[in-house]
Amino acid sequence: MKTRIIALFMALLPVYGHLWGQRVMTGDERTELYLPLIKGKRVALFSNQTGLVGKKNRHVLDLLVEKEANVTAVFSPEHGFRGHADAGAVVADEVDERTGIPILSLYGQNRKKHLGEEAMGMFDVLLVDIQDVGLRYYTYYVTMCHLMDACTKYGREVIILDRPNPNGHYVDGPILDMELRSGVGYLPIPVVHGMTLGELAQMATGEKWLNEGNECKLTVIPCLNYTHQTHYTLPVAPSPNLPNMQAIYLYPSLCPFEGTVVSMGRGTDKPFQQYGHPELQACHSYSFTPQSMPGASRPVLMGETCYGEDLSTLPYDSIWQKQMSLAYVIDAYRCLRNEGKADGFFTSFFDKLLGRTYVREMIEKGCSEAEIRARWKDEVEAFKQKRQKYLLYE
């Protein structure tokens, strides 16, 4: 494997330095390690509003320009470079107002074009600095993989400025059946993979998961003072409907509602922190009403009173203990089934999100969460062993 790992941090500070009060340093803060690698080269940047450097909250693009790096293009993911677009919304190309650098959207009509020869000819090395949340159905890593494929095809280097994974302390959920591969599931990994983008990129190239078994010329600039048990608080929302850590921790368990008729709070002040449906009143008294708002212009069940459960005050420890829980989806399905209103509960998107058809099938048969979890237990343990050689952090 052609991966180069910048591992000087192991000699500079103990792995458990964060326990001594030392803050986590993201890869983009370690300019002494990556600026020499891009000197004299044309640079493209894959980032969005999360690409902030250290305590000063300065964007990495501004830092690169200040350091006189030759940045020739910026690639943006779902939600756009500034992170304001709705989930799944087409994002247009634009020009950065501050620097005048072109921003090429990889979540719009020009995605294939921007992964082709013309766009790849604009740079020599790609810098990746974006905050992921560690879920197989979160789209930022998918876009990163598309870029890695293109960079490999056209002989471009990739440097990942690594960031902590806020859900990096556990691994859970079924492994993706590649027959269900989609924009919300691209690699054969569990729903919660427990890896940083740097680690995941190493595994993708090392296991030859990229298209045609390509091995990317990859360098990872690791974080300092981070382990997989570090509970890292994100300094900025990674996307419009993950506004706080409560939503980020509940996201593994509530995102499956996107493949059902139930609302998980888009169009409210508690997205991914509650769920409900107009016909759940027989089981729940708590209610909310989705409305059109920035980041959720046309939410599911807009304008309808939804009854369900408020999880916005659930203690973090309780969320972590449950890990990726199917209890909420099972609760909503059983309630509607008991009312004779479960027909059409699941959409085809549910199988794509979960990555296996058996999850839906077992829920419909009335299986318990424990029975369903038992189906993926062994494959998750096998995955954890396979990923071991790609981990950068204890």
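The values are calculated or read from the model by the stated rules, or taken from the named source; none is laboratory data. Every value quoted in this text rests on a predicted model; they were computed, and no experiment measured them. Please note: Cβ atoms are built from the backbone with ideal geometry, for glycine as well, and neighbour counts cover all protein chains shown.
Exactly one residue out of M120, M144 is out of contact with any Pro (no Cβ under 7 Å at 6 or more places or on another chain) and buried (at least 24 other Cβ atoms within 10 Å of the Cβ), and it is M144.
Cβ-Cβ contacts under 6 Å between residues 6 or more apart (or on different chains), taken from a first residue in region 230-247 that is among the polar types (S, T, N, Q) to a second residue that is surrounded by 19 or more Cβ atoms within 10 Å (Cβ to Cβ) and part of a helix (DSSP H, G or I), are listed as T230/H18.
The set of residues from region 193-219 being outside any loop (DSSP other than H, G, I, E, B), over 18 Å from the mean Cα position of the chain (by Cα) and on the phi < 0 side of the Ramachandran plot comprises T205, G206, N211, L218, T219.
For region 188-226, the set of residues classified as under 24 Å from W376 (Cβ atoms) and touching a Gly at 6+ places or on another chain (Cβ under 6 Å) consists of P190, V191, V192, G194, listed by residue number. Return yes or no: is A282 crowded, with 19+ Cβ neighbours inside 10 Å and of a type in the set (G, A, S)? Criteria not met by A282. Within region 120-138, residues that are at positive phi and among the small types (G, A, S) sit with their Cβ atoms under 9 Å from residues that are modelled with pLDDT of 95 or more and assigned to a loop (DSSP other than H, G, I, E, B), at 6+ positions apart or across chains, in these pairs: G134/N165; G134/P166; G134/N167; G134/G168; G134/H193; G134/G194; G134/M195; G134/T196. Only one entry of R334, R356, R373 meets the criterion of being modelled with pLDDT of 95 or more, closer than 23 Å to V184 by Cα and touching a helix residue (DSSP H, G or I) at 6+ places or on another chain (Cβ under 9 Å), and that entry is R356. For region 351-372, the set of residues classified as among the charged types (D, E, K, R), part of a helix (DSSP H, G or I) and out of contact with any strand residue (DSSP E or B) (no Cβ under 8 Å at 6 or more places or on another chain) consists of D351, E361, E369, E371, listed by residue number.
Filtered by the rule that a residue be out of contact with any strand residue (DSSP E or B) (no Cβ under 9 Å at 6 or more places or on another chain) and under 20 Å from R181 (Cβ atoms), region 151-164 gives a lone residue, K153. With respect to the conditions (1) in contact with an Asp or Glu (Cβ under 9 Å, 6 or more places away or on another chain); (2) surrounded by fewer than 21 Cβ atoms within 10 Å (Cβ to Cβ), E179 lacks only one, and its number is (1). Every residue in region 122-139 that is farther than 15 Å from G27 by Cβ and either out of contact with any helix residue (DSSP H, G or I) (no Cβ under 7 Å at 6 or more places or on another chain) or hydroxyl-bearing (S, T, Y) (or both), please. Within region 122-139, M122, F123, D124, G134, R136, Y137, Y138, T139 meet the criteria. Taking the criterion of being touching a residue at least 40 places away in the same chain (Cβ under 8 Å) and either surrounded by 17 or more Cβ atoms within 10 Å (Cβ to Cβ) or not in a loop (DSSP other than H, G, I, E, B) (or both), the residues of region 336-350 that qualify are L336, N338, F345, F346, S348, F349, F350. Per this entry, L127 is not counted among residues that are under 30 Å from E66 (Cβ atoms) and at pLDDT below 95. Criterion applied to G303, G265 was being on the phi > 0 side of the Ramachandran plot and surrounded by fewer than 21 Cβ atoms within 10 Å (Cβ to Cβ), and the one residue passing it is G303.
Residue pairs whose Cβ atoms lie under 9 Å apart, sitting 6 or more positions apart in sequence or on different chains, and linking a residue in region 57-75 that is in contact (Cβ under 8 Å) with a residue 60 or more places away in the chain to a partner that is of a type in the set (D, E), are V60/D28; V60/D129.
Scanning region 152-166 for residues that are surrounded by 23 or more Cβ atoms within 10 Å (Cβ to Cβ) and out of contact with any Phe, Trp or Tyr (no Cβ under 7 Å at 6 or more places or on another chain) gives V158, I160, D162, R163, N165.
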